[in-house]
Amino acid sequence: MASPPATTSSSAIARRFDALRRTSRTALVCYVTAGHPDVERSLATLAALEEGGADIIELGVPFSDPIADGPIIQASSQQALENGMTYDGVLSLVERARLKVPVVLFSYLNPILAAGPDALTRASDAGASGILVTDIPVGADPVREEWLGNSPLSFIRLVAPTTPSDRMAEIARHGSGFVYLISRLGVTGVQESTAADLPGVVQRLRAATELPICVGFGISTPDQARAVGKLADGVVVGSALVRAAAASPQEVLRLTRSLREGLDA
């Protein structure tokens, strides 16, 4: 399996991390589901995330069987699908939003494959900077991994807290942009606390790759974001923002600002 190109300064994601590093700041990576609760409010939600201080936006591609997602994101995905959201609809959202921060498409493999062989090129043309596919482990499908790795998009890879160090290095070697470290086992969702072994896991991953490390799963409050931000290059918040998006774009703006203030404190 061919390794994808290394992250360079020409990548929008790499440039964002370079800028954050120069100012000693931690990236706020925000996940929301495309088309939830409807297209127009989804568009307003994206604007609120950018205004509130998101550094990178992960835009979920709705899927009918989101096995890695908890009830909040599952429900948002189902609602978006019922509203008629499609892969092309997701790209249209990205195009209409005209965001200045990098956008990473967060998807399962099937929607990307169903969108055709030019799916990744079209995503780049629409304004996306990266792709994260939750259900394609390194080595599982070399042909499709090469397709993903050699596209115009940064190919973000996932690492679990139980991953051995040599496997961490292998995963990171076949990715670009940043590495998404899952803070705990299980599905996504709001949690009261972060995993006790997280510092050691981050340290092991830091020794295995030079890519920025972003930690997600269960982070929902400014205090949690601040604590994790002391360990990692970026903090990913998903379910709490999806729950806020169901209320209003204004609630998304309020939460995003509070998370940004927590990271910058």
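The values are calculated or read from the model by the stated rules, or taken from the named source; none is laboratory data. Because the structure is a prediction, the values reported are computed rather than measured. As a convention, Cβ positions derive from the backbone with ideal geometry for all residues, glycine included, and neighbour counts pool all protein chains shown. These area figures cover heavy atoms from the full protein model, side chains too; ligands, DNA and RNA do not enter into them. Shrake-Rupley method; radii C 1.70, N 1.55, O 1.52, S 1.80 Å.
Condition test on G70, is it out of contact with any His (no Cβ under 9 Å at 6 or more places or on another chain), at positive phi and of a type outside the set (A, V, I, L, M, F, W, C)?
Working: out of contact with any His (no Cβ under 9 Å at 6 or more places or on another chain): yes; at positive phi: no; of a type outside the set (A, V, I, L, M, F, W, C): yes.
When the stated conditions are applied, G70 does not pass them.
Determine, yes or no, whether A14 is part of a helix (DSSP H, G or I) and either under 22 Å from L153 (Cα atoms) or at pLDDT below 95 (or both). Spell out the reasoning first.
Details: part of a helix (DSSP H, G or I): yes; either under 22 Å from L153 (Cα atoms) or at pLDDT below 95 (or both): yes.
Considered against the rule, which asks whether it is part of a helix (DSSP H, G or I) and either under 22 Å from L153 (Cα atoms) or at pLDDT below 95 (or both), A14 comes out as yes.
In segment 243-260, what residues are in contact with a Gly (Cβ under 8 Å, 6 or more places away or on another chain), open to solvent by less than 10 Å² (accessible area, probe 1.4 Å) and of a type in the set (A, V, I, L, M)?
Matches in segment 243-260: V252, L259.
Collect the residues in segment 149-167 that are open to solvent by less than 70 Å² (accessible area, probe 1.4 Å) and touching a residue at least 60 places away in the same chain (Cβ under 8 Å), keeping them in residue-number order. Walk me through how you get there before you give the answer.
From segment 149-167, those open to solvent by less than 70 Å² (accessible area, probe 1.4 Å) are 149, 151, 153-161, 163, 165; that's our starting set.
Of everything in segment 149-167, those that are open to solvent by less than 70 Å² (accessible area, probe 1.4 Å) and touching a residue at least 60 places away in the same chain (Cβ under 8 Å) turn out to be G149, S154, F155.
So in segment 112-128, with the set limited to residues that are under 17 Å from the mean Cα position of the chain (by Cα) and open to solvent by less than 20 Å² (accessible area, probe 1.4 Å), which one is farthest from I13 (Cα to Cα)?
Residues of segment 112-128 under 17 Å from the mean Cα position of the chain (by Cα): 112, 120, 123-124, 127-128.
When the remaining residues are screened for being open to solvent by less than 20 Å² (accessible area, probe 1.4 Å), the result is 112, 120, 123, 128.
Values: I112: 21, L120: 16, A123: 15, A128: 10 Å.
Going through the qualifying residues, I end up with I112.
What's the total number of residues in segment 18-48 that are hydroxyl-bearing (S, T, Y), in contact with a Gly (Cβ under 6 Å, 6 or more places away or on another chain) and either outside any helix (DSSP H, G or I) or free of Cβ contacts under 8 Å to residues at least 12 places away in the same chain (or both)?
Final tally of qualifying residues: 3.
State whether one or more residues within segment 191-206 are of a type outside the set (S, T, N, Q) and closer than 27 Å to A80 by Cα.
No - not one qualifying residue is present in segment 191-206.
Just checking, which of E95, E146, E51 is surrounded by fewer than 18 Cβ atoms within 10 Å (Cβ to Cβ), touching a residue at least 60 places away in the same chain (Cβ under 8 Å) and within 27 Å of L20 (Cβ to Cβ)?
Numbers: E95 fails: touching a residue at least 60 places away in the same chain (Cβ under 8 Å); E146 fails: within 27 Å of L20 (Cβ to Cβ).
Going through E95, E146, E51 in turn, just one is surrounded by fewer than 18 Cβ atoms within 10 Å (Cβ to Cβ), touching a residue at least 60 places away in the same chain (Cβ under 8 Å) and within 27 Å of L20 (Cβ to Cβ): E51.
When residues of segment 116-139 are filtered for being in contact with a Phe, Trp or Tyr (Cβ under 9 Å, 6 or more places away or on another chain) and among the polar types (S, T, N, Q), how many remain?
Total meeting the criteria: 1.
Working only within segment 206-258, note down all residues that are part of a strand (DSSP E or B) and free of Cβ contacts under 8 Å to residues at least 12 places away in the same chain.
Selection gives nothing.
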